[in-house]
Structure formats: C-alpha cells, structure tokens
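To keep things clear, I will list the structure first and then write my remarks on it.
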Amino acid sequence: MASIIFVTGNKNKVREAEVLLRRFGINITDVNLDIDEVQADDIEYIARHAAEDSYRILKKALIVEDSGLYISALNGFPGPYSSYVYRTLGINGILKLMDNVEERDAIFKAAVAYADEKIIKVFVGETKGKISFEPRGRGWGFDPIFIPDGSSKTFGEMSTDEKNVFSHRGKALLEFVKWFTAKSTIHS
Ligand code: ITT
C-alpha cells in the first residue's frame, strides 16, 4: 500500500482524507509540525508555502491542505481566516452577522499542496452552497451551517463518505489522487 504524510494539526481533515484515500490504496500518516502559516489572502499560496516549509523539515513526500469558507454577503469573509474566525466568533457569531440577510450564498474552498524532492503541485476544490439559518447536525468547524448545492443536508448531517462526495476537500483530494496514482504508475 502506498503511503503519504499529511501535515496538519486538524484530526477532522485527517479522518476525511483517510476515508477517501484508502479507497485508492493510499495510507496516511499525519504529522503536526506547528509551522507558522504565511498570512495571505490566497489559500493556494498558503498551502504551497506550507508544503515547501514542511518538506524542508521532513524531506519526505507530503501533502498539506488549506481551506476556508467564503460568504458572499460578507464579501468573502472569513475566507483564509476561517480557522481564527471559527475560534473567536464561532458558528453563532457568523449566524449573528447574517441576521436578517436573505442572500446566503457561500463557497467552501480547499487547496491541497503536494511536495517531494522534485516538485510542488497544488490541487483545488470548491463547493458552492448556502449558509443555513440555524445550526444542524454535528460535524466540525462550520459543518453545521453549510448546505452544499445539490443537497438539503448541512455538512454536519452527512457521514464522512457523503461529505467527501460534496466537499471542497473531497474534490481537491480527488484531483490530487488522480495525479498521484498516475505518477506512481509511471515511475513503478
Ligand atoms: P491545519 O492548518 O493544521 O491543517 P486548520 O484547522 O488550522 O488546520 P485551516 O488553516 O485550513 O486549517 O483552517 C480552515 C478552517 O476553515 C477550519 O479550521 C474550519 O474552521 C474551516 N473549515 C475548513 N474546511 C471545513 C470543513 O470541511 N468543515 C467545516 N469547517 C471547515
């Protein structure tokens, strides 16, 4: 079985990636490096830098992932600051900002960056949806208030497998895995 390192401090991301990559025969080991994330508006840029910095330390093939929730009525807030905003305002803070706002459009974006001794490559995934009027289900982060287009459930009401079909992370990881398995076949 092929294996890859996932550099993250977020066990929820690890669980989602494990479930998806296992289907392709790829095993994940997660490592929390606690490196400083560059501050930038662009998650692809953030992921690329994190992958570069992590590779310099670990010297093994790895992925990192940066993601964020972009709410239209809030001009894309919290975007790349989602982790901080989740910890400070939380779900209820976001719902309060959206009080009396009818336009609920939002996009979840993920950038998965792969690095090895030769290359750094970034894969993106986006999911359009709506911010719910109240939290529903469990999940983590903003899961209970995000309803992806094509479903009536929030991410918080979905199983990991079902969420992976709809989610930004699932889409970015799928792009990564298609490329990674093709690359491994060529080199083996
Ligand atoms: P690492 O940087 O260590 O990987 P993190 O949680 O700090 O973990 P990010 O900087 O990418 O990750 O922050 C993204 C935040 O956006 C995350 O903490 C959640 O609050 C939110 N988020 C991203 N994807 C999500 C998802 O699928 N479900 C719920 N919330 C999500």
Please work out if residue 137 is within 13 Å of the ligand (Cβ to nearest atom) and not in a helix (DSSP H, G or I). yes
Taking residue 47 and the conditions (1) surrounded by 14 or more Cβ atoms within 10 Å (Cβ to Cβ); (2) modelled with pLDDT under 95; (3) closer than 25 Å to residue 161 by Cβ, which numbered condition does it fall short on, given that it satisfies the others? (2)
Report whether or not residue 86 is in contact with a strand residue (DSSP E or B) (Cβ under 8 Å, 6 or more places away or on another chain), free of Cβ contacts under 8 Å to residues at least 40 places away in the same chain, aromatic (Phe, Trp, Tyr) and surrounded by 15 or more Cβ atoms within 10 Å (Cβ to Cβ). no
Qualifying positions in the stretch 101-133 - under 24 Å from residue 179 (Cα atoms) and among the polar types (S, T, N, Q): 127
Residues that are touching a Leu at 6+ places or on another chain (Cβ under 7 Å) and hydrophobic (A, V, I, L, M, F, W, C), drawn from the stretch 147-173: 173
Looking only at residues in the stretch 122-163 that are in contact (Cβ under 8 Å) with a residue 60 or more places away in the chain and surrounded by 20 or more Cβ atoms within 10 Å (Cβ to Cβ), which one is farthest from the chain's Cα centre (by Cα)? 131
Of all helices (runs of 4 or more DSSP H) completely enclosed by the stretch 1-118, which ones contain at least 1 residues that are in contact with a helix residue (DSSP H, G or I) (Cβ under 8 Å, 6 or more places away or on another chain) and more than 14 Å from the ligand (Cβ to nearest atom)? 11-22, 90-97
I need a count of the residues in the stretch 164-174 that are more than 13 Å from the ligand (Cβ to nearest atom) and either small (Gly, Ala, Ser) or surrounded by fewer than 16 Cβ atoms within 10 Å (Cβ to Cβ) (or both). 0
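The values are calculated or read from the model by the stated rules, or taken from the named source; none is laboratory data. Everything numeric here is computed off the predicted structure, so don't read it as measured data. Please note: Cβ atoms are built from the backbone with ideal geometry, for glycine as well, and neighbour counts cover all protein chains shown.
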